[in-house]
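As structure tokens, the structure follows; a few thoughts come after it.
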Amino acid sequence: MTVPAVSSTLDLIGNTPLVLLKGPSEAAGCEIWGKCEFANPGASVKDRAALWIVRDAEARGTLQPGGTIVEGTAGNTGIGLALVANALGYKTIIVMPETQSREKMDTLRALGAELVLVPAAPFSNPGHFVHTSRRLAEETPGAIWANQFDNTANRKAHIESTAPELWAQLDGRIDGFTCAAGTGGTIAGVGMGLKALDPAVTIALTDPFGAALYNYYAHGELKAEGSSVAEGIGQGRITANLEGAPIDTQFRISDEDGLVWVARLLSEEGLCLGLSSGINVAGAVALGRQLVAAGKPDVRVATILCDTGFRYLSSLYNAEWLAAKGLPVFPWLAKA
Ligand code: PMP
């Protein structure tokens, strides 16, 4: 099949390929499909949210020609916003916790974004990157605050693009979908979009440790346990994007279990991904097994391959970094 030619960079966002993951499918005893969001121009799932947020602000008239987009982000949304802004003639100011990967900071600077680094802090602290970005947006003339956590243009991107793409790519037959939540835009949006097409699809949240959503959906209480080094996921509150998300069931996945899939997908299938993708795949295997055990025939589960591993060469793919975090070192890195 030939991919169509497009007339704008922005048309390169979305319509990502879907790949059958062999190892995960064997492990689950059913089909596990990965949506290749690393194939977006900014190499992550967040290009979609960035485009929808900017288009929404233009439609509302809050973003004027030559204006500035300000956002607090773990990095990928900033990269998406910076490239969308460049394509449309806007400026970007990106506030990021200084704990995020070096590669994301370098990429943002390379894209021409103004980068503001703040110390990692709890959400209740006024210095948290989200609050800092809101204040900067208020202080900057002609600026809008993208507000990805509570701006539902984020999940709309997935209701209107990711979900119908998955549906079409799987010929209208999908039994389960799962992924982790950062803002919650992806899980809520894909969940809502798929449920509208087939209410029988099972939507599962895959939560890392250190996040509060697993306990919320399992027991009704926002409570975090443990910790995770995964970037871009792990939420402690019900964001506006998560409100009304159709979550049927939930899994909690450790970094170690996510890393097993990061290593296997790289060494066995040639896919170099970030840790949130490994955690998502572990969740998809768990969901697939559960649906198979419930007696469903020919089970098909989809998940999100959120971003490229090239964004984490100095962390996830670095033997010293892994060892310092007490995580297992990939055998081929230990040899180097
Ligand atoms: N994985 C990575 C690497 C991310 O950057 C993000 C975005 N924060 C997510 C997963 C989660 O996506 P969402 O914000 O839609 O929940």
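Read the figures in this text as sums done on the coordinates, not as results from a lab. Computed from a prediction, not measured in an experiment: that's the story for all the values here. All Cβ positions, glycine included, derive from the backbone under ideal geometry; neighbour counts span all protein chains shown.
Details
- Interatomic Cα distance distribution for the range 46-145, bins of 10 angstrom, percent: 17, 51, 28, 3
- The chain, helix-only ellipticity at 222 nm - DSSP H runs n ≥ 4, -39,500 (n - 2.57), divided by all residues, nearest 500: -11500 deg cm²/dmol
- With contacts taken as Cα pairs under 8 Å and at least 6 residues apart, the chain reaches a relative contact order of 19 percent.
- Dipole of the range 46-145, positive end: most advanced residue of GLY66, LEU51, ALA137 [Cβ charges, Cα centre]: LEU51
- Loop-resident GluC sites (Glu not before Pro) (DSSP state other than H, G, I, E or B) in the range 213-285 with no more than 14 further Cβ atoms inside 10 Å of their Cβ: GLU221, GLU225, GLU243.
- Cα centroid of the range 113-180 to Cα centroid of the range 218-291, whole Å: 17
- Shape analysis of the chain yields a ratio of the Cα radius of gyration to the Kirkwood radius, Rg/Rh, of 0.95.
- Of the residues CYS306, CYS272, CYS179, the one that moves most in a GNM of the chain with alpha-carbon contacts below 10 Å is CYS272.
- Gaussian network model of the chain, Cα within-10 Å springs - most flexible of ALA245, ALA120, ALA180: ALA120
- Computed from point charges on the beta carbon alone (+1 for Lys and Arg, -1 for Asp and Glu), the dipole magnitude for the range 46-145 about its Cα centre is near 120 Debye.
- Magnitude of the charge dipole, the chain, Cβ model with Lys/Arg +1 and Asp/Glu -1, debye to 20: 140
- Options GLY220, GLY89, ALA284, ranked by Cα towards positive dipole end of the chain, top entry (Cβ charges): GLY89
- Helical segments meeting 24 Å axial Cα length and Kyte-Doolittle 0.0 threshold in the chain (DSSP H): 275-293
- Rounded to the nearest whole Hz, the Karplus-based 3J(HN,Hα) values (6.51 cos²θ - 1.76 cosθ + 1.60, θ = phi - 60°) of the range 301-315 follow the sequence 10, 10, 9, 10, 9, 5, 8, 7, x, 4, 6, 10, 5, 8, 10, with x at glycine and proline.
- Cα principal axis extents for the range 192-240, largest first, Å: 36, 24, 19
- Of PHE310, PHE251, PHE129, the residue with the greatest mean-square motion in the GNM of the chain, using alpha carbon springs below 10 Å, is PHE310.
- Rg/Rg_globular for the range 201-336, with Rg_globular taken as 2.2 N^0.38 Å and Rg from C-alpha atoms: 1.10
- Within straight-line reach of LYS91, meaning a Cα separation under 23 Å, sit the following lysines at least 8 residues removed in sequence or on another chain: LYS46, LYS104.
- Summarising the label geometry, the points placed 7 Å from Cα in the beta-carbon direction at LEU170 and ASN15 lie 2.2 nm from one another.
- Cα gyration tensor shape of the range 170-255, rounded if a/c is under 1.5, else prolate or oblate by comparing a/b with b/c: prolate
- Cross-link partners of LYS223 among lysines (Cα-Cα below 25 Å; sequence separation of 8 or more within a chain): LYS325
- Distance between the C-alpha centres of the range 48-66 and the range 194-215: 28 Å, rounded to the whole angstrom.
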